[in-house]
Structure formats: C-alpha cells, structure tokens
Amino acid sequence: MSESLKSVRSDRTSIIYDGHCPFCTAYMTLLQLREAIGPVDVIDGRTRPDVVAELNNLKIDIDQGMVVQYRDQIYFGGDALHILSLLSTKSGIWNRMLAALFARKYLARLLYPVLRFGRNTTLRLMGQQIINRP
C-alpha cells in the first residue's frame, strides 16, 4: 500500500492495534523498536476513532489486523508483523524468536490468520466488542 495516514505523524513509525487484546498489548510491550529505529507512536485503535475512520476509508479493517505506518508506507496484518520483525532489535530470546518467525514474509502471512483467530476468540471470551461495531 502506498497511502499514508494523515492523522498520524509521517516522520515517525506508527503502530495501530487493539489495546483490549492481551496478545497485541503484550507484543507491543515486548517489541524493542525504539532502540532500533527511534521514536515510535503506539496507537490503541479504541482510543483514536479518527485513525480508525481513516483506515476504514483506505479499506483497512483494524479488526482484521494491526497496522504499521513506516516511511509513508502502510503495512497490514502479516505484512505488519513482517516489517516489525525486520525493524526490531534482536536482543533477548523473545525478540530473536519473533524475528526468526516473522522475518519470512510468507510465514508471517501464513500465521497471521491463526493469530487473528486467537485474538478474536479471546476477545469474545472476555466479553469485548470489536472496534468497528456494525
């Protein structure tokens, strides 16, 4: 995708995710991007309806995957995991393990639907609504 989000800073990397998802939140906590690439805006889609509306206008459903904006490019779902694995530091066993998995684009794309299913199931069990309510 070549479009960028107008409501987030284009000079910084931005990650838009579901802050109610415990897996997504843990991933954001463990990811060591700031050491590797500098300032990163981590945005909970539930608190930024303006960003979610902008994503919807770009035909990107935040309920179907996380979004990364890096250097005016938008990465979604498995592609977002892939770019994050390439940008993060390789320090610590967790980051090395994630990098080994998601540095291969085909593997990130293959595993992402499984991860999304786990997220959606967990949110339902927790009684959480999706972000884009009908």
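The set of residues in region 83-92 that are surrounded by 13 or more Cβ atoms within 10 Å (Cβ to Cβ) and not in a helix (DSSP H, G or I) comprises Ser88, Thr89, Lys90.
Of everything in region 80-109 that is among the basic types (Lys, Arg) and free of Cβ contacts under 8 Å to residues at least 24 places away in the same chain, the residue that is nearest to Ile37 (Cα to Cα) is Lys90. Does Leu55 satisfy being crowded, with 17+ Cβ neighbours inside 10 Å, within 13 Å of Leu5 (Cα to Cα) and either basic (Lys, Arg) or free of Cβ contacts under 8 Å to residues at least 60 places away in the same chain (or both)? Taking the combined requirement at face value, the residue satisfies it. Among the residues of region 1-51, those that are surrounded by 18 or more Cβ atoms within 10 Å (Cβ to Cβ), at pLDDT below 75 and closer than 21 Å to Gly92 by Cα comprise Leu31, Leu33.
This table checks each residue for (1) surrounded by fewer than 16 Cβ atoms within 10 Å (Cβ to Cβ); (2) touching a helix residue (DSSP H, G or I) at 6+ places or on another chain (Cβ under 8 Å).
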position	(1), (2)
Val68	no, yes
Asp72	yes, no
Tyr75	no, yes
Leu81	no, yes
Trp94	yes, yes
Leu107	no, yes
Arg116	no, yes
Thr122	yes, yes
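The values are calculated or read from the model by the stated rules, or taken from the named source; none is laboratory data. Everything numeric here is computed off the predicted structure, so don't read it as measured data. Note that each Cβ is placed from the backbone with ideal geometry, even for glycine, and that neighbours are counted across all protein chains shown.
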